[in-house]
Amino acid sequence: MSATFVMLAVLTVVSAVAVMLLRNLVHCALALAVTFAGLAGIYLQLNAQFVGFAQLLVYVGAVAILIVFAILLTRGREPPLQSVFSGSAIVGFGIAIVVFAVLATMTLSSRALGMEKPGEANASVAQIGEQLMTRYILPLEVAGLLLTVALIGAVIIAMRDKEPE
Amino acid sequence: MTIGLNHYLVVSIMLFCVGLFGVIVRRNLLVIYMGLELMLNAANLALVAFSRFNDNLDGQVFVFFIITVAAAEVAVGLALIVALYRKRQTVHAEDLTTLRL
């Protein structure tokens, strides 16, 4: 149990760091896919089958591919010779470290950590489906509407403009 | 050593900060975008961990809705980046200074 978690966590964090440090965009996208897959593994290890497989389908299957397509469509003509980081890299690093320190101290010192219920959570797919179909039926419909709107909106935004005559 | 809620939360915070770092320092809009996705995923991980350790289904349902909204955001965001590239021939954040005074 603990070895699986450590391996998955290290894989996820290392590939996330790689996404932010690599120079080649395609390598970034591939590292991002590895991060998503590692997260899906952590979800499965947390006994959350539904979320784990949804993560695999949506992120590894769709989002990573979409990002690769966007990279293909926005390939610049000249390879960027300057650094991949903007001038504020030091400041950004400092901000990230400070945010990490604050979040970690606050979270680890909070009293909510000691109140876990020891029972084995058994969130089966059937239970989640039942919840979605009864208690969360309205948000589910709204989510469907949102997806439709986003689909149409994305097509309209990315459609090539007609040249004015 | 048993793995508890705090370990998952630390991994989640690390992912969030790596994403934040990328959003602040990278030049390319697509990589900034990947950083945003990382931050969303970090929040999801925290929710799933809380759901598991508190024996409560609501966290996982919430993650389902977050994944849905993130998918919509991916579609619109990437369409915006592609449209921008078509108009300005660049995806570098520093070249997009039209709003600067």
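The values are calculated or read from the model by the stated rules, or taken from the named source; none is laboratory data. All of these numbers come straight from a predicted model, not from anything done at the bench. Reconstructed Cβ throughout: ideal geometry from the backbone, glycine too, with neighbour counts over all protein chains shown.
Per-residue answers, yes or no, for (1) touching a Cys at 6+ places or on another chain (Cβ under 6 Å); (2) modelled with pLDDT of 85 or more:
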| position | (1), (2) |
| --- | --- |
| A:76 | no, no |
| A:80 | no, no |
| A:92 | no, yes |
| A:100 | yes, yes |
| A:148 | no, yes |
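Look at residue A:120 and say whether it is in a loop (DSSP other than H, G, I, E, B), more than 9 Å from chain B (Cβ to nearest Cβ) and either modelled with pLDDT under 90 or under 30 Å from residue A:24 (Cβ atoms) (or both). Outline the logic, then answer.
On the way: in a loop (DSSP other than H, G, I, E, B): yes; more than 9 Å from chain B (Cβ to nearest Cβ): no; either modelled with pLDDT under 90 or under 30 Å from residue A:24 (Cβ atoms) (or both): yes.
In short, no.
Restricting the search to the range A:43-67, which residues are in contact (Cβ under 8 Å) with a residue 12 or more places away in the chain, assigned to a helix (DSSP H, G or I) and within 10 Å of chain B (Cβ to nearest Cβ)?
Step one: list which residues in the range A:43-67 are in contact (Cβ under 8 Å) with a residue 12 or more places away in the chain, which gives A:43, A:45, A:47-50, A:52-53, A:55-56, A:59-60, A:63-64, A:67.
This time we only want the ones that are assigned to a helix (DSSP H, G or I), so: A:43, A:45, A:49-50, A:52-53, A:55-56, A:59-60, A:63-64, A:67.
Within the range A:43-67, A:43, A:45, A:49, A:50, A:52, A:55, A:59, A:63, A:64, A:67 meet the criteria.
Would you confirm, using the coordinates I've provided, whether residue A:17 is within 7 Å of another protein chain (Cβ to nearest Cβ) and in a helix (DSSP H, G or I)? Talk me through it step by step, then tell me what you get.
Numbers: within 7 Å of another protein chain (Cβ to nearest Cβ): yes; in a helix (DSSP H, G or I): yes.
So residue A:17 passes the test.
Let me confirm something: among B:68, B:98, which residue is assigned to a helix (DSSP H, G or I) and hydroxyl-bearing (Ser, Thr, Tyr)?
On the way: B:98 fails: assigned to a helix (DSSP H, G or I).
Result of the check over B:68, B:98: B:68.
Report whether or not residue A:71 is touching a residue at least 40 places away in the same chain (Cβ under 8 Å), surrounded by 19 or more Cβ atoms within 10 Å (Cβ to Cβ) and of a type in the set (A, V, I, L, M). Spell out how you get there, then give the answer.
Details: touching a residue at least 40 places away in the same chain (Cβ under 8 Å): yes; surrounded by 19 or more Cβ atoms within 10 Å (Cβ to Cβ): yes; of a type in the set (A, V, I, L, M): yes.
The answer is yes for residue A:71.
Results for (1) of a type in the set (Ser, Thr, Tyr); (2) more than 8 Å from chain A (Cβ to nearest Cβ); (3) without any contact (Cβ under 8 Å) to a residue 24 or more places away in the chain; (4) part of a helix (DSSP H, G or I), shown as yes or no for each residue.
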position	(1), (2), (3), (4)
B:44	no, no, yes, yes
B:47	no, yes, yes, yes
B:55	no, no, yes, no
B:83	no, no, yes, yes
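Give A:40, A:3, A:33 a once-over and let me know the one that is more than 7 Å from chain B (Cβ to nearest Cβ) and crowded, with 22+ Cβ neighbours inside 10 Å. Step through it out loud before you land on a result.
Working: A:3 fails: crowded, with 22+ Cβ neighbours inside 10 Å; A:33 fails: crowded, with 22+ Cβ neighbours inside 10 Å.
Result: A:40 is the single residue among A:40, A:3, A:33 that is more than 7 Å from chain B (Cβ to nearest Cβ) and crowded, with 22+ Cβ neighbours inside 10 Å.
Does residue A:4 fit the bill of being of a type outside the set (A, V, I, L, M) and modelled with pLDDT of 95 or more? Outline the logic, then answer.
Numbers: of a type outside the set (A, V, I, L, M): yes; modelled with pLDDT of 95 or more: no.
So residue A:4 fails the test.
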